[in-house]
Every structure is written in structure tokens, then in C-alpha cells.
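Quick one: structure below, then a few questions.
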Amino acid sequence: ISKSLIQSVTNVSIGFRVISDHAAVTLLMLLNEEFPAPPRWRLNAFLLQDKSFLQKLMVDIRDFLCFNEETASSKAILWDALKAFTRGKLLSRASFLKKQRTEQITNLEKERKPLEQQFATSPTDSLAKTLEQKKYALSILLSRKAEYALFYTHQHYFQQGECAFCLLAHRLRRCQMPQITGIRSATGSLVTAPKEICATFADFFNHLYSSESLEVEQFFSGQRLPTLNSADKEMLDSPIS
């Protein structure tokens, strides 16, 4: 995990072994308004691989043009309306698939957990076969989810173009910058939030320089420094001839 996100971690837990012998590690984070906004919407290319949905989408586009092409005031307005209509259809389909996949994953995890506990106490061949089927089905769903995540990451960071890899290089340089993840405050408590770290530094330097100023004033207050009398002041202020 990045050092800049340590203060946002609320909980860490180790899950069950689903796909392999390695257990999943769940990390919960509480993000605040200091983090950048999510990126703009992009077309999910995986939706276009579904031929049945693609055919239905083409029918919907033809119907949209049939009902709106003659009534639109201009081609630009028709084009903007068509883009919004198509985007709505794609978002609706993506939301439906995500909800369906989430329900399937949740149900498989609920079914797998008691089977895994039962197999640990009284293992049988039929129970092992059923458990492997549940794990395989869950593995397929998680693999598809990871495949889309990798595709999106590839598109976001490694897309070829005029400024290829610029964003990745910028992120790597930022990661290499030294970061302070936590300090001790004046009370001795550990501070990890960025705002609290800045406030602690500000309090420290304010106290540091204010104490130095006070010590300097106390030092000079006890010293007898020479002063000019009125005659010397008038001589220094007189014009040079």
C-alpha cells in the first residue's frame, strides 16, 4: 500500500482460501474529499462482445433515429442526443451485469463457507467434489472481474499515443518522492493524517521561533548598549559640505 494512504486504512482482515492455497487479504479504506475525483466515463468494450446485446442496441439506435431524425432541429443536437441515449443503454447494461455478477459471487461465497467448514470436520468425496465446483464457479467470476480491472488499468496507464507512458512516469516519480507517514505530536501521540501532520509541524516551528524571539529579547534587555546624544545626532544629520 502507498505510504500516502496509510492514514485512510480502517480495517485489514484475512479471508478464506477460495481459488488457491493462499487466503485473500481484505483492506478497508476510508477515502475523503482530499482524493481526486474518479475519471470520466469510458465505453466498456466488453459489452460489445455480447452479440445479443449488440444486436438489440443496433435495433434501439435505428428506432431512435426513426423517431427523432425528422424532428431534431439540427444534426448536432441529434448527434448529442444519440450519444446520450447510447450511453444510457450501455450504463444500464453494465449496471445489470455488475449487479448480477455481485449477487452470484455473494451467493457462491455463502454456499462455500459452510461447505468448507463441514469438509474440515467430516471430509467426504462427494463433499469435496461439490466444494471444488463452487470454488471453480467463483474462480471464473473473479477472473472475469480481474480481467476487466487489468484491461481498464492498461487503458488508463499504458495506452499508446503521442505522450505514451507520460502518466505512468509521472506516477512513478511521485511514488519515489519522500513522504512522511507519521510523527509524534507534542503530547506524544502518533499522528498519521496529512492535515494533522502539517498542523503538528506548524505548531512545532511556531513554538520554536517564538521561543527564540523571546530569548533574544531577554538577552538584549539586560545589556547596556551605547546611544547617541543630541549633539552627535545633529552632526550626523547635517548636510555634507
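Once both labels are modelled 7 Å past Cα along the beta-carbon direction, what's the Ile183-Glu234 spacing in nm?
5.7
So what's the net charge close to Arg93: Lys and Arg +1, Asp and Glu -1, counting the other residues with Cβ under 12 Å from its Cβ?
Details: positive: Lys56, Arg87, Lys89, Lys98, Lys99; negative: Asp50, Asp60.
Neighbour charge sum, excluding Arg93 itself: +3.
Rank these for me by crowding, Ile140, Ile240, Ile197, going from fewest to most other beta carbons within 10 Å. Intermediate results must be reported in sequence, preceding the final value.
On the way: Ile140 13, Ile240 3, Ile197 18.
Neighbour counts put them in this order, fewest first: Ile240, Ile140, Ile197.
Which ³J(HN,Hα) values, rounded to whole Hz and listed in residue order, are derived for the stretch 133-145 from phi using the Karplus coefficients 6.51, -1.76 and 1.60 in 6.51 cos²θ - 1.76 cosθ + 1.60 with θ = phi - 60°, glycine and proline given as x?
5, 5, 5, 5, 4, 5, 5, 4, 5, 5, 5, 5, 5
We did not get these values from a lab; they are worked out from the coordinates using the rules stated. Not measured: the values here are computed from a predicted model. As a convention, Cβ positions derive from the backbone with ideal geometry for all residues, glycine included, and neighbour counts pool all protein chains shown.
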